[in-house]
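Inspection log for the structure reproduced underneath, given as structure tokens.
The values are calculated or read from the model by the stated rules, or taken from the named source; none is laboratory data. It should be emphasised that the depicted structure is a prediction, and the values quoted were computed from it without experimental measurement. Positions of Cβ are backbone-derived with ideal geometry, glycine not excepted, and every protein chain shown enters the neighbour counts. Remember, those area values only see protein heavy atoms, side chains included, never the ligands or the DNA or RNA. Shrake-Rupley method; radii C 1.70, N 1.55, O 1.52, S 1.80 Å.
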Amino acid sequence: MKICHLCLHGPYNEGWNYQENILPKYHSLQGHDVYQIVTPYMWDQDKIAISPDTKYINKSGVRIVRCKLSKGPTFGGRITHYPEVMDLLTEITPEILFVHDVQCIDIRTVVKYLKKHQECIVYVDNHSDFSNSARNWFSKNILHKVLWRRMAQMINPYVKRFYGVLPARVDFLVDMYKLPKDKCSLLVMGADDELVEAALNEDKIADTRAEMGIGSNDFLIVTGGKIDLAKTQTLYLMEAIKRIGGEIELIVFGSVANELKERFEDLCRAENIHYLGWVSAEKSYQVFAAANLVAFPGRHSVYWEQAAALGKPMILKYWDGTTHIDEGGNVKYLYKDSTDEIEDVIRLILSGDTYKLMCKVANNNRSRFLYSEIARLSIDENDSYGDDK
């Protein structure tokens, strides 16, 4: 099948580990002829730059096509128009069109194309929910309730399936964009199979633990991601580990906001807490693979699904609409932002057979979060994930 992924919602960087990178990769590896239309913009460190590449085939065999510079942008870059989308779609003539997010004014152009090519099968995903979008009056009442709802409604007659990548994002499609509930379902994010299997190699795990100064018999907890004012719960985890002492080692990686550095660095003085700084995507797989337990005491990040694909039992902050990681015993939830609660949960996991049972469930269900499986299900009308969690 000829598949075209349309990703016009923001900058695109080759080789990153986001869904718009890995899903096309596995469609290509599964034998499809895959194209990807992306913006001309990319991240260069912490700034947006123009990519020097316009058309190329990446190492996964995906044909990347970057649009020419946009007209606009307006409203702080939130509304951007790419005039050549129609010509590109007409040239590619995909059998399957996979649209990443409807928050794009060029949905109008896509609809014009689909009116002439109704044989094209269309899937649309959504990465927005009320935790990361529609958080002020203008965004909620103008952008989402009017403009992006209009785009969603325009393309709806041509769409076979709308996907939310979290249960909360399935709800957002129905509640915010008023799309038919029976056309909206969960398509989880996940992890790159190749990086997962490489990281789970026993020798690699031993090497990674040795590099970090962790003994083969030490019980290692790992957490990662941004540590900022929206995710201060990482500091509670560090305080809990400091209290517990030598029974446990904690590895932390990711960036730390300036406002939290003093408190963070003070906690890092504990002998059983180790900070790695920022790590690459490949290294993050290796660090999680070396863990006995993974903890995310704050908001959702794509690391949740990555750890699940590695078969790791987890401690997670409970958020309504993000319980899809729980496969019936691999997760213990946190309900408060509290050092005491985290300490209690860790001690519970280490008592009796709790940890052993968590590991069993985590390993038995990890394939659900591998992108090879996600890619297959995303375009297979005969399969689905079943009920949304």
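Overview of values
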| quantity | calculated |
| --- | --- |
| Pick from region 22-60, criterion among the small types (Gly, Ala, Ser) and farther than 17 Å from Arg376 by Cα, ranking: surrounded by the fewest Cβ atoms within 10 Å (Cβ to Cβ) | Ala49 |
| Tabulated pairs, region 207-229, first farther than 17 Å from Gly245 by Cα and β-branched (Val, Ile, Thr), second in a loop (DSSP other than H, G, I, E, B) and open to solvent by less than 10 Å² (accessible area, probe 1.4 Å), C-beta under 6 angstrom, 6+ apart or interchain | Thr208/Ala290; Ile227/Gly254 |
| Residues that are buried (at least 18 other Cβ atoms within 10 Å of the Cβ), under 14 Å from Ser301 (Cα atoms) and not hydroxyl-bearing (Ser, Thr, Tyr), drawn from region 315-334 | Ile315, Leu316, Lys317, Gly321, His324, Ile325 |
| Residue ranges of helices (runs of 4 or more DSSP H) in region 299-389 with at least 2 members among the charged types (D, E, K, R) | 339-350, 354-364, 371-378 |
| Residue, nearest to the chain's Cα centre (by Cα), within region 169-186, restricted to residues that are among the aliphatic types (A, V, I, L, M) and buried (at least 24 other Cβ atoms within 10 Å of the Cβ) | Val170 |
| Considering residues of region 206-230 that are open to solvent by 40 Å² or more (accessible area, probe 1.4 Å) and either aliphatic (A, V, I, L, M) or under 25 Å from the mean Cα position of the chain (by Cα) (or both) only, the residue modelled with the lowest pLDDT | Ala230 |
| Pick from region 187-203, criterion free of Cβ contacts under 8 Å to residues at least 60 places away in the same chain and more than 19 Å from Asn21 (Cβ to Cβ), ranking: surrounded by the most Cβ atoms within 10 Å (Cβ to Cβ) | Asn201 |
| Close pairs (7 angstrom Cβ cut-off, 6 or more residues apart or separate chains): of a type in the set (A, V, I, L, M) in region 50-61, part of a strand (DSSP E or B) and modelled with pLDDT of 95 or more anywhere | Ile57/Arg63 |
